[in-house]
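Right, one structure below, let's go through it.
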Protein chains: 2
Amino acid sequence: MATTPRIVEVRANILKKNDLLARELRDRFHTAGVLVVSIVSSPGAGKTTLLERTLARMASHTRAAALVGDLQTDNDARRLASTGVPVRQITTGTVCHLDAEMVGGALDAWACEGLPIEALDILFIENVGNLVCPASYDLGEALRVVLLSVTEGEDKPLKYPTIFNSADLAVITKIDLADIVGLQRDAVYGAINHVRPGLEVLEVSARTEAGLDSWIARLHAANVRTQRT
Amino acid sequence: MATTPRIVEVRANILKKNDLLARELRDRFHTAGVLVVSIVSSPGAGKTTLLERTLARMASHTRAAALVGDLQTDNDARRLASTGVPVRQITTGTVCHLDAEMVGGALDAWACEGLPIEALDILFIENVGNLVCPASYDLGEALRVVLLSVTEGEDKPLKYPTIFNSADLAVITKIDLADIVGLQRDAVYGAINHVRPGLEVLEVSARTEAGLDSWIARLHAANVRTQRT
């Protein structure tokens, strides 16, 4: 037990350092007029598939790019790169979340390669698939989106409240499977509202593209606000 | 950057302490002749539902019990308790995994309440829903089972290799949805074999009960081995 206070202290220092870096990132994004949207969820909730569809729809009229966090493999980065937008992989190894330093480093590398963030309208950050660790790490994003697939069960917001508390928008994914898995809409909306009353919720299916128009419209509205301020 | 070595050192100390406690637990389980099975997966892959079905089938002829880790809520513990077996909740707060100390503490509490582990044939430990953090924490279990639901995508073993590497058995869940989501069996088996060649794989559906007989038989076989050694 003697080591516990020391661990807590180190963790507090890490989070404090992250908060300072995230504040710098937020200022940098604001000055550049770029909307930064981070996406968090369980593994397999559909972050990459939703982003693929989103980037494909946005590519012709919006200057978009994506940072993709993964423990291992660049599978997701390769999938997203096929949409034609700039994509950069952040490999975290055994670390269960992205942090502001990793994001800053990736942006610096892009700047060296001739892609400053000022050249973007919107930057997506796909976090590591994890409903716990990413909650504590501010990445300087303007909009944190938590995905919840209908196959995961209605109670996940109650069981992982911190991530839902820290989100600005919840997106229920794989909605085409809602009837097949017997989704209880009242239960899932009730759980979200219990944890974070009033949190905006969208429903999408990347497969059937149901709800994608509303999702894209939501991003465009946030983007217009970013560029006005 | 100056703090990094200190953090690594603290983390190494935590893991070393855990390994020592896990070794003690393993000895304790071995002496008691109880088979300890831990279950890890993403949130919503079906740990609790599989355990519900398993305990319901085992209750009449096997002395089973379950420890359930969750950040918040005792939903899972209450669901499992309805099967009639002893269930104990471990609430981890913001911690993204169980550790050996938490397991030891729960077993001590049970012993005080008149349930020593010697009174059990099999103990299940349901970890926090997370494919990253639980990988590094030995709980003294004899069998670590990683669940992967067909709705999560075939590439998850490649993206979360450590948890698959540390498992003794992989169970593909929600197999009743395989056709609906277009599961590519070659891809998922290929991914598992790439990360952990030769890892035993079972397929189950807790909803249709497909594959449950094989799963229960696998547990009984391990249990017989435990009680013989």
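The values are calculated or read from the model by the stated rules, or taken from the named source; none is laboratory data. Everything numeric here is computed off the predicted structure, so don't read it as measured data. Ideal geometry is used to build each Cβ from the backbone, glycine not excepted, and the neighbour counts take in all protein chains shown. Each accessible area value is taken on the protein alone, full model and side chains, heavy atoms only, with ligands, DNA and RNA left out. Shrake-Rupley method; radii C 1.70, N 1.55, O 1.52, S 1.80 Å.
Observations, loosely collected:
- Residues considered: A:27, A:19. Of these, the only one that is modelled with pLDDT under 95, open to solvent by 10 Å² or more (accessible area, probe 1.4 Å) and charged (D, E, K, R) is A:19.
- Scanning the range B:44-61 for residues that are touching a residue at least 24 places away in the same chain (Cβ under 8 Å) and out of contact with any strand residue (DSSP E or B) (no Cβ under 9 Å at 6 or more places or on another chain), we see that the one that is nearest to the other protein chains (Cβ to nearest Cβ) is B:52.
- Test: residue in the range A:161-184 that is within 7 Å of another protein chain (Cβ to nearest Cβ), free of Cβ contacts under 8 Å to residues at least 60 places away in the same chain and surrounded by 23 or more Cβ atoms within 10 Å (Cβ to Cβ): no
- Test: residue B:13 is within 14 Å of chain A (Cβ to nearest Cβ), of a type in the set (S, T, N, Q) and surrounded by fewer than 16 Cβ atoms within 10 Å (Cβ to Cβ): yes
- Scanning the range A:41-60 turns up one or more residues that are among the basic types (Lys, Arg) and more than 22 Å from residue A:226 (Cα to Cα).
- Among residues of the range A:110-120 being touching a residue at least 60 places away in the same chain (Cβ under 8 Å) and part of a helix (DSSP H, G or I), the one that is nearest to the other protein chains (Cβ to nearest Cβ) is A:117.
- When each of A:38, A:42 is tested for being hydroxyl-bearing (Ser, Thr, Tyr), within 21 Å of residue A:223 (Cα to Cα) and open to solvent by less than 10 Å² (accessible area, probe 1.4 Å), the lone residue that passes is A:38.
- For residue A:117, the stated conditions hold: it is within 18 Å of residue A:68 (Cβ to Cβ), at pLDDT 95 or above and surrounded by fewer than 23 Cβ atoms within 10 Å (Cβ to Cβ).
- Only one of the numbered conditions (1) surrounded by 20 or more Cβ atoms within 10 Å (Cβ to Cβ); (2) in contact (Cβ under 8 Å) with a residue 60 or more places away in the chain is violated by residue A:96, and that is (2).
- Scan of the range B:185-209 for residues that are among the small types (Gly, Ala, Ser), surrounded by 15 or more Cβ atoms within 10 Å (Cβ to Cβ) and within 20 Å of the chain's Cα centre (by Cα), ordered by number: B:205, B:206
- Flag for residue B:64 being more than 13 Å from chain A (Cβ to nearest Cβ) and either open to solvent by 10 Å² or more (accessible area, probe 1.4 Å) or among the hydroxyl-bearing types (Ser, Thr, Tyr) (or both): no
- Screening the range A:96-134 for residues that are among the aliphatic types (A, V, I, L, M) and out of contact with any strand residue (DSSP E or B) (no Cβ under 9 Å at 6 or more places or on another chain) and picking the one that is farthest from residue A:45 (Cα to Cα) gives A:111.
- Hits in the range B:130-160 - residues which are open to solvent by 10 Å² or more (accessible area, probe 1.4 Å), within 10 Å of chain A (Cβ to nearest Cβ) and among the hydroxyl-bearing types (Ser, Thr, Tyr): B:136, B:151
- Applying the condition of being in contact with an Asp or Glu (Cβ under 7 Å, 6 or more places away or on another chain) and either closer than 18 Å to residue A:155 by Cβ or among the small types (Gly, Ala, Ser) (or both) to the range B:33-43 and asking which residue is farthest from the other protein chains (Cβ to nearest Cβ) yields B:38.
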